[in-house]
Structure formats: structure tokens, C-alpha cells
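J.: Sharing a structure with you now.
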Amino acid sequence: MNQPINVGDLIELKIKRMGINGEGIGYYQKLAIFVDYALPDEDVKVEITNIYENRAEGKIVDVITPHQDRVEPFCKIYYECGGCQTQHVSYENTLLMKRDLILQAFDRYISPKVKLSTVKETIGADDPTFYRNKASLPVQKIKNKNYVGMYRKNSNHFVKLESCPIQHKLINHILKTIIDLMDEMGVDGYNQKLRRGYVRSLVVRVSEHFNEAQVSFIMLRKSNRLEELVKKLIIKEPKIVSVYEVMNADLKKPGYFTEDIKKLYGKDTIIEKLHGFDFVLKPEAFFQLNTEQADKFYLEMKRLANLKPHEIAIDAYAGTAPVSHYIYQEAKHVYAIEIDEMSVESARVSLKENNITNVTVLKNDFKKALVSLKDKKIDVMFFDPPRTGLGEDTIDVILKFMPKRIIYGSCNPSTLAKDLNTLLKHYDLVETVPLDMFPYTSLVESVSLLELKNYK
């Protein structure tokens, strides 16, 4: 007879697979137990920490039989921070695990089943460290000292961050300089206990190609010492070419960009070069966080599309239109669709900067934008949607056009699989290529090629 499980119980588990958040999943009396930092095929002793209707959570007390690829994390606050999920396993093995997450999602949501060979090997990073070209981090004052940090997973617990081994080294250097100047000049970060302070968070973006940086101070309230701090900052950090102040006092909302933004120093934008193209970026504009892997990602989209000179393409959820830049030479015309105003502005400036004339940027919701294109024959559609995927309504609009090919860039295997299950009534899935955009995290990117069934 099955015994009920309780919080605080110690149990032994065999971990069967990796979950979508990087945790290990085992089963106790048919109940799924989610265990952070446990790996497939490991035998672990676990303390139960939370129990829900159809699952439970536990923490490792002892690894009885470790995975052969288990390693020591290279970040000293890895187990506190929560920003990474897979530093405790070799990088090569994380690539296998990410492919497996896609296979699991396909097996769960797609019917009839997809051949395993359709999902290719994961394209890894040449160097999986110091890759993030942008950091958006909260700031707090604790015991008369300012700190930049992270919030521990599923909590409000602030973890102090001295240096991050997956952030660009220039970002780490600049953040330390800013914090030192904040201490020196009394431009304090937010004090949670006293509910006062000036700086809510810091955003630092770097251009890897030009080795330059853009800094944004996200402020709870104005400080009359901030401009003096910036003067000292640009002397100490001459690679900073652009500094902004952003007012954001509403603690109930995310602590980053608002419309109340003011340039304090330097250029309006920062330029990143990708595949020979100049991308002109305002502080708020979206750009992939891993420059090297972004190049591989867009090249893979271009390869799979195999565009012909007479074909017309749509670049949906275009952001700053990197896909359009990569494919414009192969296509007759490209329509880039994006709703975010700052990204649209950056896209238009970048296209002009690169002398690209056969791309039209449409500032609109995807479904509304397609209404204006209803008389066009669209051959290929490119998608790189948010984690929520496309959804039934968007797919209904796509199917009115029936493009010959669909290139689907995904950052969520589950929503990708659900969308494919609908699309595969009309399309064949030719191949899915996983790509590791965010090494040492559980996030999984991929590019899929779909071809219209029976197209002649």
C-alpha cells in the first residue's frame, strides 16, 4: 500500500530525465519529484520541500550515484544565484540534454510522432563563457554598501554579484566601477528595509565588435549627483560611449525601461556588427544576448529557407530585423513586421545604414499587418516569436496565406511542439536544429523548416 509523502521526508530517487527548467525528474510511487541540480540516471537522496496535487519538489541531500559528466560549477555563487541551471554538468552533455528536451516536447505534444532523426544535433558555442552582451540587474544598498545582484529563483532574496562568468568581461568591469562610484558619491541603490534610494537597476550593453558600452541607470527618483557620477564614470571607463537615465518609480512594475528616458552622455545609440551588418541599437531595443550564437542562428534560418530570387518573404516578430538583413540578398522583397516602436526605429536605421532597400518595415501586430498584405503572394514566412509561441489565432492567419515554407525560430520546446502539431496538418516538418543561445541555462533555442504538403 502506498504511503503518503510529506514535506521533510527523506527519500531515494532514480532521476529519469531533465525538466524544462534544468531540474532532474524522478518518480516516487508514480508521483513526479522535481529536484534542482539532479541529473538523469543519478541515484539521489532527496528531502521533500513542497507538495502539489500532481507533483512534488525536493532538494538533494546526497548524490548516491553521480552522473559520469557531473562537474564542479565554475561560478562560486552558482547554487545561490539561480541565473544558470546546468553548470554542474559538462558543457558537451548540456547540448545532448537540450536536444532531448525538444524530443520530449515533440513526443508529448505532436501526433503522429516525429522521427528522431528530424531533430539534429545541438549547435554549441565555441566558448560558452562570458557570452552575454547585455546585463539588466537590480541594485540594492545593504549595510552601507551598494551591490548589483540577482534575485534567487522564485524568491525576493537578493544575491550579491561581484562578477558573472557568463557576462561579457567589459560588463563586469563597468558594473564594478559604477558600484564603487555609487558608494563614493552617495548615489545609493534601493534599500528594501528603509524603502528608499535612487538607483533601482543598471543595464549595460556592449558591442563586441567595437568593444564599446552603453549604460542605463534605472532610477526610483532623481539624484542631483548622478550627472557628476557619470562624468567620473566615463573618465574611468572610456569604452562607455552612451549613458542614459530612465525614471521608473513604480515598484509594482518591472524595474527597467519606461518612456521617461533622458540621455546624459554621448551617442544616442550603440552599434553592433553581425555578419558584416551594422545594427544601430537604442537602449530599449531588443537584440540577441549572445552575439556569436546569434550569427549561427540567423545563418541557420537562411540556410533552411533556401530562398530564390523571385520569392517574397515575411520576417515576423522582427525586432531590429536581423533576419531581414541576413536574407535580403536572396529574396525579391522582405516585409519585416514588429510592434515595438523602439525596435522598429532601430530596424529602419540599421537597414538604411546597410543600404538595404528591398525590406519594408511594418510597425504593427502580426495579424493586423497581414491584412495589409492580403493581396501579396508570400512564399516564405520567418517566425521568431516570444516564449508563448504562435498560438491558434496566429496560425489561422498564416494558413490563409499558405506560404510554401515556414522557418520557425523557437525559444520554447513546448510551445513549438504545440504549434507544430497544428501546422503539421498542412505542412511537413523537414528538420529541427537546436542551438545553444544561452549556455549553462535550461533555455533551448531551435530553428525548424516546414514545407507545404504536396506543393508542386
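J.: In the range 59-90, how many are modelled with pLDDT under 95 and closer than 21 Å to Leu101 by Cα?
T.: So the count comes out to 2.
To keep it simple, each residue is scored yes or no on (1) in a strand (DSSP E or B); (2) touching an Asp or Glu at 6+ places or on another chain (Cβ under 6 Å); (3) among the small types (Gly, Ala, Ser); (4) free of Cβ contacts under 8 Å to residues at least 24 places away in the same chain.
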residue	(1), (2), (3), (4)
Glu47	yes, no, no, no
Asn50	yes, yes, no, no
Gln68	no, no, no, yes
Gly83	no, no, yes, no
Ile102	no, no, no, no
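J.: Among (1) surrounded by fewer than 24 Cβ atoms within 10 Å (Cβ to Cβ); (2) hydroxyl-bearing (Ser, Thr, Tyr); (3) assigned to a strand (DSSP E or B), where does Thr441 come up short?
T.: With (1) surrounded by fewer than 24 Cβ atoms within 10 Å (Cβ to Cβ); (2) hydroxyl-bearing (Ser, Thr, Tyr); (3) assigned to a strand (DSSP E or B) applied to Thr441, the lone miss is (3).
J.: Let me ask something additional. Quick check, is Ala56 hydrophobic (A, V, I, L, M, F, W, C), within 31 Å of the chain's Cα centre (by Cα), surrounded by fewer than 19 Cβ atoms within 10 Å (Cβ to Cβ) and at pLDDT 95 or above?
T.: The answer is no for Ala56.
J.: Within the range 116-165, restricting attention to residues that are among the acidic types (Asp, Glu) and either modelled with pLDDT of 95 or more or in contact with a strand residue (DSSP E or B) (Cβ under 7 Å, 6 or more places away or on another chain) (or both), which residue is nearest to Glu80 (Cα to Cα)?
T.: Here the residue is Asp127.
J.: Next question. Inspect the range 241-250 for any residue being among the hydrophobic types (A, V, I, L, M, F, W, C), in contact with a Leu (Cβ under 9 Å, 6 or more places away or on another chain), closer than 17 Å to Gln167 by Cβ and assigned to a strand (DSSP E or B) and give the result as yes or no.
T.: no
J.: Quick check on my filter: what residues within the range 427-454 are of a type in the set (Ser, Thr, Tyr) and under 19 Å from Leu116 (Cα atoms)?
T.: Hits for the range 427-454 are Tyr427, Thr432, Ser446, Ser448.
J.: Follow-up question, since we're still on this one. Restricting attention to the range 396-408, which residues are within 24 Å of Ile123 (Cβ to Cβ) and surrounded by 23 or more Cβ atoms within 10 Å (Cβ to Cβ)?
T.: Ile406, Ile407, Tyr408
J.: Still on this model: Taking Thr94, is it more than 24 Å from Tyr427 (Cβ to Cβ), part of a helix (DSSP H, G or I) and either not polar (S, T, N, Q) or not assigned by TED's automatic domain parsing to the domain that holds Gly149 (or both)?
T.: Considered against the rule, which asks whether it is more than 24 Å from Tyr427 (Cβ to Cβ), part of a helix (DSSP H, G or I) and either not polar (S, T, N, Q) or not assigned by TED's automatic domain parsing to the domain that holds Gly149 (or both), Thr94 comes out as yes.
J.: Identify, please: which residue in the range 97-117 is within 20 Å of the chain's Cα centre (by Cα) and under 22 Å from Val430 (Cβ atoms) and is, among those, surrounded by the most Cβ atoms within 10 Å (Cβ to Cβ)?
T.: Top of the filtered list is Lys98.
J.: Might you let me know whether the range 286-301 holds any residue that is closer than 15 Å to Arg405 by Cα, in a loop (DSSP other than H, G, I, E, B) and at pLDDT 95 or above?
T.: Within the range 286-301 (the criterion being closer than 15 Å to Arg405 by Cα, in a loop (DSSP other than H, G, I, E, B) and at pLDDT 95 or above), the answer is no, since none of the residues qualifies.
J.: Go through the range 198-257 and give me each residue that's of a type in the set (Gly, Ala, Ser) and over 17 Å from Asn133 (Cβ atoms).
T.: If the condition is that a residue be of a type in the set (Gly, Ala, Ser) and over 17 Å from Asn133 (Cβ atoms), then Ser201, Ser223, Ala249, Gly255 are the ones that fit.
J.: I'm trying to understand the selection: among the residues of the range 405-438, which are part of a strand (DSSP E or B), without any contact (Cβ under 8 Å) to a residue 40 or more places away in the chain and touching a helix residue (DSSP H, G or I) at 6+ places or on another chain (Cβ under 9 Å)?
T.: Those that are part of a strand (DSSP E or B), without any contact (Cβ under 8 Å) to a residue 40 or more places away in the chain and touching a helix residue (DSSP H, G or I) at 6+ places or on another chain (Cβ under 9 Å): Ser410, Tyr427.
J.: Among the strands (runs of 3 or more DSSP E) confined wholly to the range 121-228, which include 1 or more residues that are surrounded by fewer than 19 Cβ atoms within 10 Å (Cβ to Cβ)?
T.: 134-142, 145-151, 158-160
J.: Looking only at the range 303-334, count every residue that is crowded, with 20+ Cβ neighbours inside 10 Å, of a type in the set (D, E, K, R) and out of contact with any Ser or Thr (no Cβ under 9 Å at 6 or more places or on another chain) and tell me the total.
T.: 1
J.: Tell me, yes or no, whether the range 320-330 has at least one residue that is at pLDDT 95 or above, part of a loop (DSSP other than H, G, I, E, B), closer than 27 Å to Val246 by Cα and in the same structural domain as Gly409 (by TED's automatic domain parsing).
T.: yes
J.: I'd like to check something: does the range 257-278 contain any residue that is free of Cβ contacts under 8 Å to residues at least 12 places away in the same chain and farther than 27 Å from Thr432 by Cα?
T.: There is at least one residue in the range 257-278 that is free of Cβ contacts under 8 Å to residues at least 12 places away in the same chain and farther than 27 Å from Thr432 by Cα.
J.: Output yes when any residue across the range 120-135 is touching a residue at least 60 places away in the same chain (Cβ under 8 Å) and among the aromatic types (Phe, Trp, Tyr), and no when none is.
T.: There is at least one residue in the range 120-135 that is touching a residue at least 60 places away in the same chain (Cβ under 8 Å) and among the aromatic types (Phe, Trp, Tyr).
J.: Okay, next question. What residue, among those in the range 1-43 that are charged (D, E, K, R) and assigned to a loop (DSSP other than H, G, I, E, B), is surrounded by the fewest Cβ atoms within 10 Å (Cβ to Cβ)?
T.: If we take residues in the range 1-43 being charged (D, E, K, R) and assigned to a loop (DSSP other than H, G, I, E, B), then Lys30 is surrounded by the fewest Cβ atoms within 10 Å (Cβ to Cβ).
J.: Identify, please: which residue in the range 444-456 is over 18 Å from Gln104 (Cα atoms) and not in a strand (DSSP E or B) and is, among those, modelled with the highest pLDDT?
T.: Per the criteria, the residue is Lys453.
The values are calculated or read from the model by the stated rules, or taken from the named source; none is laboratory data. Given the structure is predicted, the values throughout are model-derived calculations rather than measurements. Please note: Cβ atoms are built from the backbone with ideal geometry, for glycine as well, and neighbour counts cover all protein chains shown.
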